Amino acid sequence: MKKKVLSLLVSGCMITGMLMGCAQKEEAAQAPAVAEESETETTEESVDVSKEQSETEEVEITYANFNASGGNEETLDKMYQAFHEEYPNITVKIETIGYDDYFTQMQTRVAGGTAPDCYELNIENFAAYANKGVLAELSGIDTSGYNQTALSAFQVDGKQYGVPGNFSNVVLIYNKDLFDQAGVSYPTNEWTWDDVMVASEKIKALGDDIYGIYQPITFNEFFKVSAQYGGSILNDDKSAFTINSAENLNAAQMMVDKITVSNIQPNESQMGGLGDWDLFESGRLGMIPTGIWAFNTFTEACDFNWDICVEPGGTQKATHFFSNSLVVNKDSEKKEAAATWINWLASSDAAAQMRIDAGWDLPAISNDTVLAGYLKITPPQNRQAIFDSLEYLAKPPIIEDYSKMADIITGKLSQAASGEISAEEALNQAQEECEAQIKLQ
Amino acid sequence: MNECGRHVVKNSKKIMEAAPFMIPSLLGMIIFSFLPIIISIVISMTEWNGLDKLDIQTLSGSFVGISNYMNIIGGKEFWKVLWHTVYYILLYIPLVLICSLTIASILNKNMKGIAVLRVLYYIPVLTSWVAASLIWRWVLSPQYGILNQLLAIVGVSGPNWLTDKIWAMPAIVLASVWKDMGFYGLFLLSGLKAIDTGYYEAARVDGASASKQFFSITLPLLTPSIFFCVIMALINAFQLFPQVMIMTEGGPNGATQVMVERIYTYGFSYFEMGYAAAYSWILFVIIFLLTLLQLKLQKRWVHYES
């Protein structure tokens, strides 16, 4: 009998211990739910910051992001300090999560109803989240300071579901020393792919393992090159795929021929498992269209002179940009405060200045005086090209099944690049598979 | 009361005493294992996207019956991915068994510093797959990797391992064997240690050669350990995932896409959680049936010392 009582006691203690651990979390999760009920009449699905809460009301919101991880946590914290001085009633709990874990974690939290009040999404995931209705529409926020192309990338059916939190674009980076050796004049903003071909042939002639250019065979590159040749991935109202159009064939043919025909771009085996940046840093590559986030790495790693210009065009210019969106959770009951914070973070002059000073990335704003400081940093000499590129930004074809579409097209293009199928077959097959597997609205 | 009845009463009494101690871990199992298992069956019959709040309303609203299962089995992709997995297994299991058996035999010797050797062989097992995969990507780099340089010394020009459709899977097998052989080697070593040395003494007296001893004594008596290793290796092989994700991401051109990689991609990249759940249940059934089959077949080749 004694034993039984003892065992019951012990197990009772263990269970209580376990449940206490759970209960604490549950309380935290339930508290907002109660608040929500009393407030729901006033909060709708969209956020209107213009009807801001009274200054005295204390709010605490949570903000999750991946962009600050790996070096910019302190900058983000500094930004928040400045924000908190301006809006002392809003306290932001910042969660910085590594990129690798971020999206699986966010998906689970959104589904579990414990998503942060506002968070960061990359462009692929933004489309899926917005279309699945888990984001709040942002209405009434002041969007005049934003770069309008970047801003419009985060609209779905004309509704703004996110603001561009940061901004990076792609420019053509070239090895000046190789151009000098080959006796070719440097690329300019007006260059087309034909000019690239001519210059590349001469650079390639410098040596067996020297190549003219490296452009990854991916969906990301393709939708941009397609735009450079006047093509598109989707029709205007996004109701049908236009992957195998004549314009796109020109684009794909150009991308693939660089590898399989003229070989001014190394194929997989010539790359020998080397990354494209490594190839450039080794001084064996003439040109590489890549993101401005390569600047710091190249400044450190390259022992030759390099500079940049606007990406080459086809029949017209189109340039690539990357931007992460800052969004507000639809189920948050502190949407106004959350929208105030992300709007401040993305577009205020103070935050933009700190972002530039830290060399983090570019703010997606149109204020030239703030951006001017960025131009002074060298290399590259021609930093102005970053802003020249903004004139030609190509908007990514955002649909709900963005990742799936990108995987299908990348797969088919790389088959063409390895010579298994022709560029035409690749586009036809990609068109067919996208139509079969993806429902467009 | 007869003998048997008393036994039952005694046992049930014991269970009553033990039960309270089991409740905490049982609760944990129910909450973190049984419930998710049941929920995942339900999810596999819906088109839940993995983002909508998971409640009865969402699930019944997107209920599609067994159509996810039919689509998977009816599609080409599943069979392709299954073949990749089978191909991996056919290369991996014989190779890992031979390697770990060799290691076990070496480590079974009474040499100086054997403890150090044992640790060295076990280190890859403890290494995280992320770190190991990154190192193997260097090793397998066609132009700069150590493997192709070693091959070049003997006059063989190595392939483009991870970017070649034909060689990508063998490359992953190579990395997996390196990482796992210490693990299975340890089990086989304990199997070797358990063999009564009397058998060998008797064999030597009768003049049996070393190889005769190995094939007639060591191997048969080791079959229970080998059987265990085969089952473990098979289950692990079907769940092949981290090395693929980091070394090739399923490429080149889908040549190393395997089941768990597909489950992850559908669930977390394409937001088709229902489809992904159905995929994982199909994976479960395959592993379950194969393990059952092995349990049946073991009578033919596994010798338990009585």
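The values are calculated or read from the model by the stated rules, or taken from the named source; none is laboratory data. Small disclaimer: the values here were computed from a predicted structure and weren't measured. Positions of Cβ are generated from backbone atoms using ideal geometry, with glycine treated the same way; all protein chains shown enter the neighbour counts.
On the stretch given as the stretch B:117-153, residues that are in contact (Cβ under 8 Å) with a residue 24 or more places away in the chain and of a type in the set (Gly, Ala, Ser) total 2. The conditions of being assigned to a helix (DSSP H, G or I) and small (Gly, Ala, Ser) are not met by B:Ala255.
Checking each residue of the stretch A:263-271 against the condition of being in contact with a Pro (Cβ under 7 Å, 6 or more places away or on another chain) and surrounded by 20 or more Cβ atoms within 10 Å (Cβ to Cβ) gives no match.
The residues of the stretch A:132-154 that are more than 9 Å from chain B (Cβ to nearest Cβ) and either within 15 Å of B:Tyr270 (Cα to Cα) or of a type in the set (Ser, Thr, Tyr) (or both), listed by number, are A:Ser139, A:Thr143, A:Ser144, A:Tyr146, A:Thr149, A:Ser152. Every condition in (1) out of contact with any strand residue (DSSP E or B) (no Cβ under 8 Å at 6 or more places or on another chain); (2) surrounded by 14 or more Cβ atoms within 10 Å (Cβ to Cβ); (3) more than 30 Å from B:Phe215 (Cβ to Cβ) is met by B:Pro36 except one, and the failing one is (2).
Here the condition is being surrounded by fewer than 15 Cβ atoms within 10 Å (Cβ to Cβ) and out of contact with any Gly (no Cβ under 8 Å at 6 or more places or on another chain); of B:Ile153, B:Ile172, it holds for B:Ile153 alone. B:Ala278 passes every criterion in (1) farther than 14 Å from B:Lys80 by Cα; (2) small (Gly, Ala, Ser); (3) at the interface with chain A (Cβ under 10 Å from one of its Cβ atoms); (4) out of contact with any Gly (no Cβ under 9 Å at 6 or more places or on another chain) apart from (3). All of (1) within 11 Å of chain B (Cβ to nearest Cβ); (2) at pLDDT below 85 hold for A:Asp401 with one exception: (2). Restricted to strands (runs of 3 or more DSSP E) entirely inside the stretch A:134-238, those with at least 1 residues that are touching a Phe, Trp or Tyr at 6+ places or on another chain (Cβ under 8 Å) and in contact (Cβ under 8 Å) with a residue 40 or more places away in the chain are A:137-139, A:168-175. Per this entry, B:Asn160 is counted among residues that are under 18 Å from B:Gly250 (Cα atoms), over 23 Å from the mean Cα position of the chain (by Cα) and without any contact (Cβ under 8 Å) to a residue 40 or more places away in the chain. For the stretch A:280-318, a residue qualifies if it is of a type in the set (Val, Ile, Thr) and either part of a strand (DSSP E or B) or touching a helix residue (DSSP H, G or I) at 6+ places or on another chain (Cβ under 8 Å) (or both), and the qualifying residues are A:Ile288, A:Thr290, A:Ile292, A:Thr297, A:Ile308, A:Val310, A:Thr315. Check whether at least one residue in the stretch A:271-278 is within 14 Å of chain B (Cβ to nearest Cβ), modelled with pLDDT under 90, within 24 Å of A:Thr319 (Cβ to Cβ) and part of a loop (DSSP other than H, G, I, E, B), and report yes or no. The answer is yes; a qualifying residue exists. The residue that is nearest to the other protein chains (Cβ to nearest Cβ), among those in the stretch A:82-110 that are in contact with an Asp or Glu (Cβ under 7 Å, 6 or more places away or on another chain) and not β-branched (Val, Ile, Thr), is A:Lys93.
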